[in-house]
Each structure stands twice: as C-alpha cells, then as structure tokens.
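Asks: I have a structure I would like to understand better, so I am pasting it below and will then ask my questions one at a time.
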Amino acid sequence: MEEPKSIRHGDTVLSILVGDITTLDVDAIVNAANSSLLGGGGVDGAIHRRAGPELVAECRTLNGCKAGEAKITRGYRLPARHVIHTVGPVWRGGEHGEDALLADCYRNSLELAGEFGLASIAFPAISTGRYRFPQDRAAQIAVTAACEAATGSSLQKILFCCFDQMAAAAYQVAFARLQSTSRTGDEF
Ligand code: APR
C-alpha cells in the first residue's frame, strides 16, 4: 500500500511534501531557529536569506526565544506571510526532556498560528539536522502534537515540508500509525 501523503484530522488536513520550505505560499512557515533568533545555518539560514535583512531586524526586537517556545514575525520577501520561529531541543540521548520540548515547539507554534487566525502552516523537521534529534522519533512527536493542537483551531492545512525523501518516509510512517489508531485519520 502507498503510504498516505495527506490525512484529515477533524477539519484540518495534514500533508507531507518534499521541498524547500522557503518557496511555500502559506500563511506561516516555521523556522528551526536558535535561541538568539539572529539566524544560523540549515533551514534558519535559508529562511533569513530568502526573507531579506528586514527579518533579522524584526527578530532583534524579540529578545531571543527559549527552547520549546515560539515567536512570530512577518515574512518580508518570502511568499509566506509570517515566520514562526521556534527553538528545538538539542538531542542529548533522550533522557533530558527532549521529547517534551520538541512537542512544545509544535504545540506553541500552532497555538500562535491560532491566535493570529492563520489557516495554513508549514513545518520543517525541527531539530533533526544540526540538533541531531532522531528523524523517526521526531516525526512521530510532530504528527501527534500537531493533531492535538490543531483540534478546534482555525488551521485548515498543516504541511510537513521535508528536505529529502528520508525525512518524508519518517512522516509517512507516523501518518500510517495515526490512521491505524484513530477513526478520523481518513486517507485521501
Ligand atoms: N526547507 C525545508 N527543510 C530544510 C531546509 C529547507 N530549505 N533546509 C534544511 N532543512 C531541513 C533539514 O534537512 C532538517 O531535516 O530542516 C531540518 C532541520 O535541520 P536544521 O536546519 O539543521 O535545524 P535544527 O536541527 O533544528 O538545528 C537548529 O541549526 O541552523 C541552525 O540556527 C540554527 O542553531 C540552530 C540549529
């Protein structure tokens, strides 16, 4: 069976795609930032490069961000209207609260999106690059937290934007697991 690419959870459609998150025309893309919010490498670097210098100028007014928390800015030269910056946990073996902090990143980003009445949001695979969080474990946490946080929110579309097929496969497994455990996870 072809693994699901999109599933419905309540009024929200969750989808997996492979691509560059900076190209997505959505209400918000989520940045896997560091606590300074002043840019970095990976997806953080790509977002700042594409958004232009006004992004870091606004980030300077935010006074940083703690791991697990989320802050919102405009998207400037990005197609996305907003950037929601969140700081994922650095993987230290799994016994230092990493799972809970990663779930907080998704939950707080979606809560912020709801406060701004956003309808569509795209996430990268937070913490699975430089922060070395295991991909399969991170995808399971992301899908579970997103479903919980999306319930009853304004969000119609949650995209998991993977940079490669390996990452996408981890989300497909998480989607299949969600479907097998829930009535509303209708594949289509
Ligand atoms: N679009 C979508 N996903 C991307 C892109 C992109 N343009 N660029 C990288 N990625 C993916 C990576 O392949 C990885 O799966 O984003 C995921 C997160 O990787 P990182 O960007 O390294 O982020 P993270 O592991 O959370 O580490 C954050 O790295 O860049 C610095 O400033 C950042 O210090 C912070 C740390």
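Asks: If we count every other residue with Cβ under 14 angstrom of Phe133's Cβ, Lys/Arg +1 and Asp/Glu -1, where does the sum land?
Replies: Every neighbour counted, the sum reads -1.
Asks: Taking the DSSP beta bridges in the chain as the whole, what percent of them are antiparallel, to the nearest 5?
Replies: Among the beta bridges of the chain, antiparallel pairing accounts for roughly 35 percent.
Asks: So, one more: Given a cut-off of under 8 Å on Cα pairs at least six residues apart, what relative contact order in percent is computed for region 1-134?
Replies: That works out to 28 percent.
Asks: Over all directions, how big on average is the projection of the convex hull of the alpha-carbon atoms in the chain, in square nanometres?
Replies: 9.7 nm²
Asks: Same structure again: Please list the equivalent ellipsoid semi-axes of region 36-106, computed as the square roots of five times the alpha-carbon gyration tensor eigenvalues, in descending order and whole angstrom.
Replies: Gyration-tensor ellipsoid for region 36-106: 24, 12, 11 Å.
Asks: In the full protein assembly as shown, how much of Lys5 is accessible to a 1.4 Å probe, in Å² to the nearest 10?
Replies: Solvent-accessible area, nearest 10 Å²: 90 Å².
Asks: Additional query: Please work out how much accessible surface Val173 shows to a 1.4 Å probe, ignoring ligands, DNA and RNA, in Å² rounded to 10.
Replies: Counting only protein heavy atoms, the figure is 70 Å².
Asks: Here's a follow-up. Per residue, what accessible area does the chain have, given a 1.4 Å probe and all protein chains present, in Å²?
Replies: Ligands and nucleic acids excluded, the result is 47 Å² per residue.
Asks: Related question: For Ile72, enumerate residues with amide H under 5 Å from its amide H, sequence gap 5+ or separate chain, H modeled in the peptide plane.
Replies: Counting only residues 5 or more places away or on other chains, the set is His85.
Asks: What helices does the chain have that are whole DSSP H segments, at least 15 Å long along their own axis by Cα, and with mean Kyte-Doolittle hydropathy of -1.0 or more?
Replies: 98-115, 135-150, 165-181
Asks: Using 7 Å Cα-to-Cβ label points, what is the Arg81/Leu62 separation (nm, one decimal)?
Replies: 1.8 nm
Asks: Pick out, in residue order, every one of the GluC sites (Glu not before Pro) in region 1-58 that is DSSP loop and has at most 14 other C-beta atoms within 10 Å; say none if there are none.
Replies: Glu2
Asks: Taking the Cα-to-Cβ direction at Thr181 and at Ser35 and moving 7 Å from each Cα, how far apart do the two end points lie in nm?
Replies: 3.1 nm
Asks: On a C-alpha basis, how far is the centre of region 88-115 from the centre of region 1-66 in Å? Whole number, if you could?
Replies: If you average the Cα positions of each part, the centres end up 14 Å apart.
Asks: With viscosity set to 1.002 mPa s and temperature to 20 °C, compute the Stokes-Einstein D of region 116-167, Rh being the Kirkwood radius across alpha carbon pairs; µm²/s, no decimals.
Replies: This corresponds to a translational diffusion coefficient of 180 µm²/s.
Asks: Using unit Cβ charges (K, R positive; D, E negative) and no other charged atoms, how large, in debye to the nearest 20, is the dipole of region 61-188 about its Cα centre?
Replies: About 420 debye.
Asks: Starting from the residue with the highest accessible area, list Glu111, Glu98 in decreasing order, probe 1.4 Å.
Replies: Glu111, Glu98
Asks: What dipole magnitude, in Debye to the nearest 20, does region 52-119 give about its Cα centre under +1 on Lys/Arg Cβ and -1 on Asp/Glu Cβ?
Replies: Once rounded to the nearest 20, the dipole reads 340 debye.
The values are calculated or read from the model by the stated rules, or taken from the named source; none is laboratory data. Quick caveat, the model's predicted, so the values are computed rather than measured. Because the Cβ atoms are built from the backbone with ideal geometry, glycine has one as well, and the counts that use them run over all protein chains shown. Heavy atoms of the whole protein, side chains included, go into the accessibility calculation; ligands, DNA and RNA do not. Shrake-Rupley method; radii C 1.70, N 1.55, O 1.52, S 1.80 Å.
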